[in-house]
Structures are given as C-alpha cells and as structure tokens.
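> One structure is given below, represented as structure tokens, and several questions about it will come after.
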Amino acid sequence: MSELVDAVLRCLLVLGAFLTLPLLVGQMEHKAMAHMQSRVGPMAAGGFHGWAQLVADGVKFVQKESIVPGAADRKVFELAPAVALVPYLVALLAIPLGPFFGQGNLVGQDLDLGLFFVLAAMSVGVLGTLMGGLGSGNKYSYIGGMRVAAQLMSYELPMVLAAASVAMLAGTLSLIGIAEAWEPWWLLAQLPGLVVFFVAGLAELQRPPFDAPLADAELVMGPLTEYGGMRFAMFLLAEYAGIVVLAGLTTVLFLGGWAGPWSDQLGWVWTLLKIVLVSFLVIWARVAYPRLREDQVNSLAWKVLVPLALAQIAFTTVLVVW
Amino acid sequence: MTLAELVFLVLAVIAVGSALLSMTSGQLVHSALWLVVTLGAVAGCFLLMTAEFVAWVQVLVYVGSVVVLVIFALMLTRQSTGEKSAEVTGNRWLAAILGVVAAIGLGATMIAGFRGEEIEGRRIGTAGSIGHALFTDWVLPFEILSGVLLAALVGAIVISRSGSDR
C-alpha cells in the first residue's frame with residue numbers, strides 16, 4: 001500500500017513540477033529578456049513586477065475560439081499539440097532532483113536506462129511540431145515542417161554522442177548513477193561534450209538562434225502558423241517544458257546534479273539552482289545571437305558538432321581505458 | 001492470463017492494426033504516422049519482454065529518426081498531404097503475398113526456436129547484458145555488420161557525389 005502511495009505521490013510531484021517550472025522559465029524569459037533589451041517587461045498583471053503575466057496569458061488562451069483551417073488534415077492538426085507536449089512530461093519522470101533532506105532521491109522513477117529513456121522521449125516530442133507543419137494545409141507551415149525535419153536529423157546524432165561520452169565515463173546509463181559518479185574535473189574533461197550537448201539541445205527545441213523553422217520574417221510562425229488558443233498554448237508550454245528537460249539533463253549529466261555543499265540535505269536545491277542557471281543561458285542565447293540561416297544550421301551540426309562529439313568520445317575512451 | 005500478458009496482447013493488436021492501417025491509408029503522411037504507432041507498440045512489447053534497452057533504442061532511432069527521415073523524404077519529393085497521395089501500384093498483391101509468406105516464415109522460426117521458453121526472473125535486455133553478449137559471443141557478426149554499414153555509408157557518399165564532379 002505504501003508503495004502505491006509513494007508512486008502516486010511521486011507522479012503528482014512530477015506533474016506539479018511540469019505545470020510550474022515551465023511557467024517559471026517563461027516568466028524569467030519575459031523579465032530577463034526585457035532587461036537585457038533595456039525594457040522592464042510585464043509589470044501590471046498580479047501587481048508585483050507582473051508575476052502573474054503567464055497566468056493571465058493562460059486565461060486569455062482558454063477563452064479563445066478553437067479554429068481548424070478548412071484545408072487542414074483535421075485529426076493530425078488536432079493531435080499535434082498533445083504529441084508535442086506529453087513526451088516532455090514523460091521525460092520529466094526520469095530526471096532526478098537529488099537527495100531531499102536525507103529522505104532519499106527526489107525522482108519520479110529511477111530507471112536503469114534513464115538516459116536513453118529521456119532522450120527517446122525528447123525525440124518523440126518533436127514529432128508534434130512536424131505533424132503541425134504537415135497537417136495545417138498551409139505552405140508556410142509545410143516549409144517550416146521541412147526545416148524542422150532537416151534540423152532534427154542533423155542534431156539528434158551529436159546530442160546522443162555527447163550524452164554517450166558522459167555515460168561511458170560514469171560507466172552507467174542511470175541518471176542517478178551518472179550524477180553520483182560525477183567528479184569536478186569532468187567539467188574540464190567533458191567541456192566539448194557539454195557544449196555540443198547544450199547547442200544540439202537548443203537546436204532540437206528550435207530555440208533561437210536555431211529557430212529557422214519558425215522564422216517569423218520568412219515563414220510567419222512556421223509549423224505553428226495556423227494554431228491559436230489552447231492548442232497554441234500547448235505548443236508554448238511544450239517549448240518551455242523542453243527547456244526545463246534540457247536544463248535538467250545538462251545539469252545531471254555535465255554539472256554534477258546535486259553536487260554542492262550539504263548535498264545530503266539540500267541536494268535538490270542545488271539541482272534546481274543549476275536548472276534555473278542553464279535555463280537562463282537558454283534565454284540569454286536567444287537575446288545574444290541572431291538566427292542562423294538554414295544552410296548554416298545544418299553545416300554547424302555536421303561540420304562542427306559531430307566531429308567535436310566524436311573527438312570527445314575518443315578522448316573519453318582513452319580516459320576510461322587508461 | 002496475467003496482466004502483463006493482457007497488456008502484451010493489446011500492444012500486439014495495436015501494432016498489427018496500425019501496420020495494416022499504414023499500408024491501406026490513402027494518404028502517405030497518414031501511413032508514416034501510423035508507422036509511428038506501430039513502432040511505439042512494438043517498443044512496448046520489447047519492454048514487456050524485459051528488453052528495456054532495445055525498447056528505448058527502438059523509440060530513439062526508429063520513431064525519433066527513421067520516421068522523421070521518411071517524412072522528410074515525402075515532403076521533399078512531392079506534395080504528399082492531399083487525398084489519394086499514396087500511389088496504388090499493380091505490385092500490391094504480390095507485395096501482400098510476400099509479406100504474409102515472410103510473416104509465416106519468421107513466425108515459424110520463432111516458434112520453433114523459442115517455444116516454451118520463459119523470461120521470468122532474469123532480465124535479459126539491460127544495457128550491461130546486451131553489451132556483454134555483443135562483445136563476447138557475437139563479436140564477429142557485430143564487426144561484420146559495422147563493415148556492412150560502413151560500405152553503405154561510402155556508397156551513399158559516392159552516389160550523392162557522382163554527377164557534380166566525377
């Protein structure tokens with residue numbers, strides 16, 4: 001009985017994290033981006049520095065009419081936002097937050113193959129955007145969908161390779177195992193892998209500077225052009241949940257997860273802090289860099305990231321065998 | 001019948017049903033998306049047979065990459081979202097017969113080889129056990145396969161280069 005209660009409690013916690021953390025990142029994006037651009041961002045909603053802006057946005061989205069374009073492939077169009085959103089919820093299940101006041105590890109489910117599980121779930125999530133592009137019956141969506149597909153094929157490989165390098169060094173595929181095996185000098189030894197993983201993750205989420213599929217100056221909004229109301233909100237939530245998953249994975253794989261002072265008690269605080277830090281970097285990248293052209297997107301993946309990831313794997317092999 | 005068997009049966013029905021839908025769908029894109037359902041259900045079957053590693057790799061490689069590749073190829077070659085975009089060729093009956101024969105052949109092999117075996121109690125599909133098996137009992141087939149893949153890779157490069165500058 002207590003096992004069942006434990007499992008249900010963990011699932012509820014993950015659901016809670018899934019519903020709050022992406023909003024937190026969204027609010028941070030509003031405010032941080034605004035201040036980087038010498039603006040103040042939302043100030044009115046909720047009173048204190050516009051903290052309730054995203055809640056207000058959510059209420060607005062709910063009120064909107066649900067429209068399906070006449071030319072759209074109805075079922076595919078309607079299903080796409082769910083396909084984009086749910087995998088990130090599933091992925092969040094396996095990401096550990098670390099020791100919680102000596103009560104064991106705060107994780108939805110400790111999986112033997114956690115790393116592969118999260119990567120597999122993330123790779124399903126992007127199918128949603130692709131379905132949106134194909135099902136909208138709109139030429140901008142269609143071209144955007146094509147760019148999504150091209151981008152995915154290029155960046156999946158370096159991402160998996162970089163993750164594999166850490167797994168090799170740790171000698172396990174369990175996310176908890178990797179974070180526990182982590183040592184500070186890995187920051188240096190795995191630095192190329194960290195960069196490759198982070199950049200490929202950005203590209204997989206289609207975040208700027210890798211938002212060529214959404215390029216608003218060329219493609220209106222790419223695959224999301226025809227979406228509005230709740231469905232669009234689900235795509236947005238998927239984007240921010242994706243940032244949380246990417247930040248969590250980067251933290252656990254490359255930044256030592258809950259490593260830090262008093263990690264037996266406060267490990268989960270360290271993990272959350274690191275996740276917020278990586279999320280901030282994701283937002284910073286959006287403000288700092290202009291959008292890559294489509295050919296630049298693909299040549300960066302194949303000519304820089306893949307060779308770098310392979311070199312990192314070769315180096316890690318030497319380390320492990322030696 | 002245990003719960004696991006029941007779930008396995010449901011997944012198997014989903015896999016076969018969506019495979020049939022994938023073949024009979026009039027729209028190419030729908031075929032590709034039904035293929036996603038088939039591959040996902042097969043991954044679920046792997047999971048129930050304690051082959052966790054194979055299951056996640058199945059999702060990562062087939063759903064995440066191969067289907068995306070298929071959809072990308074469809075998008076590049078023609079306007080494939082309309083009605084009746086899937087072509088019906090005269091070979092379809094031959095293909096169906098071949099498919100049934102292959103299914104019977106493979107099924108018979110499986111039944112002959114593994115009938116009565118139980119996987120209860122031992123976890124055969126963890127990354128560790130697969131890696132151990134690959135690099136002890138199956139080194140030669142593994143290396144031959146990597147050679148075949150390398151040859152295919154070189155072939156693809158040669159084909160894509162010819163025409164521009166011989």
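> Among (1) farther than 25 Å from A:Val287 by Cβ; (2) surrounded by fewer than 21 Cβ atoms within 10 Å (Cβ to Cβ), where does A:Trp182 come up short?
Status for A:Trp182: all satisfied but (2).
> Residues being assigned to a helix (DSSP H, G or I) and crowded, with 16+ Cβ neighbours inside 10 Å: count how many of those fall in the stretch A:31-48.
3
> What residue, among those in the stretch A:152-165 that are surrounded by fewer than 24 Cβ atoms within 10 Å (Cβ to Cβ) and more than 9 Å from chain B (Cβ to nearest Cβ), is farthest from B:Ser65 (Cα to Cα)?
Among those that are surrounded by fewer than 24 Cβ atoms within 10 Å (Cβ to Cβ) and more than 9 Å from chain B (Cβ to nearest Cβ), it is A:Ala164.
> Within the stretch A:94-146, restricting attention to residues that are of a type in the set (Phe, Trp, Tyr) and under 30 Å from A:Arg293 (Cα atoms), which residue is modelled with the lowest pLDDT?
Once the filter is applied, the top-ranked residue is A:Tyr142.
> For the stretch A:94-121: of the residues being more than 10 Å from chain B (Cβ to nearest Cβ) and free of Cβ contacts under 8 Å to residues at least 60 places away in the same chain, which is nearest to A:Leu219 (Cα to Cα)?
A:Gly104
> Taking only the stretch B:3-45 into account, find how many residues are crowded, with 19+ Cβ neighbours inside 10 Å, of a type in the set (A, V, I, L, M) and over 12 Å from the mean Cα position of the chain (by Cα).
5
> Have a look at A:Leu169, A:Leu187, A:Leu173 and point out the one that is over 16 Å from the mean Cα position of the chain (by Cα), part of a loop (DSSP other than H, G, I, E, B) and at pLDDT below 90.
A:Leu173
> Does A:Val76 satisfy being at pLDDT below 85 and among the hydrophobic types (A, V, I, L, M, F, W, C)?
Here the answer is yes, as A:Val76 does meet what is asked.
> Consider A:Lys60 against the criteria (1) exposed (fewer than 14 other Cβ atoms within 10 Å of the Cβ); (2) assigned to a helix (DSSP H, G or I); (3) modelled with pLDDT under 85; (4) of a type outside the set (Phe, Trp, Tyr): it satisfies all of them except one. Which criterion is unmet?
A:Lys60 satisfies all of (1) exposed (fewer than 14 other Cβ atoms within 10 Å of the Cβ); (2) assigned to a helix (DSSP H, G or I); (3) modelled with pLDDT under 85; (4) of a type outside the set (Phe, Trp, Tyr) except (3).
> Can I ask one more? Within the stretch B:38-52, how many residues turn out to be at pLDDT 85 or above, more than 21 Å from A:Leu127 (Cα to Cα) and at the interface with chain A (Cβ under 10 Å from one of its Cβ atoms)?
0
> Exactly one condition in (1) within 13 Å of another protein chain (Cβ to nearest Cβ); (2) touching a Phe, Trp or Tyr at 6+ places or on another chain (Cβ under 9 Å) is not met by A:Asp73; state its number.
Evaluating A:Asp73 over (1) within 13 Å of another protein chain (Cβ to nearest Cβ); (2) touching a Phe, Trp or Tyr at 6+ places or on another chain (Cβ under 9 Å) leaves (2) as the failure.
> Just checking, does the stretch A:284-291 include any residue being farther than 15 Å from A:Gly201 by Cα and crowded, with 18+ Cβ neighbours inside 10 Å?
yes
> Specify the residue that is modelled with the lowest pLDDT; the eligible residues are those in the stretch B:105-146 that are assigned to a helix (DSSP H, G or I) and in contact with a helix residue (DSSP H, G or I) (Cβ under 7 Å, 6 or more places away or on another chain).
For the stretch B:105-146, the residue satisfying everything is B:Ala127.
> Within the stretch A:100-107, is even one residue assigned to a helix (DSSP H, G or I) and touching a helix residue (DSSP H, G or I) at 6+ places or on another chain (Cβ under 8 Å)?
no
> Across the stretch A:122-150, which residue is farthest from the other protein chains (Cβ to nearest Cβ) among those that are free of Cβ contacts under 8 Å to residues at least 40 places away in the same chain and farther than 15 Å from A:Gln206 by Cβ?
Here the residue is A:Lys139.
> Quick check on A:Ala149: is it in a helix (DSSP H, G or I), at pLDDT 85 or above and of a type in the set (Gly, Ala, Ser)?
No, not satisfied.
The values are calculated or read from the model by the stated rules, or taken from the named source; none is laboratory data. Not measured: the values here are computed from a predicted model. Every residue, glycine as well, gets a Cβ built from its backbone with ideal geometry; the counts of neighbours run over all protein chains shown.
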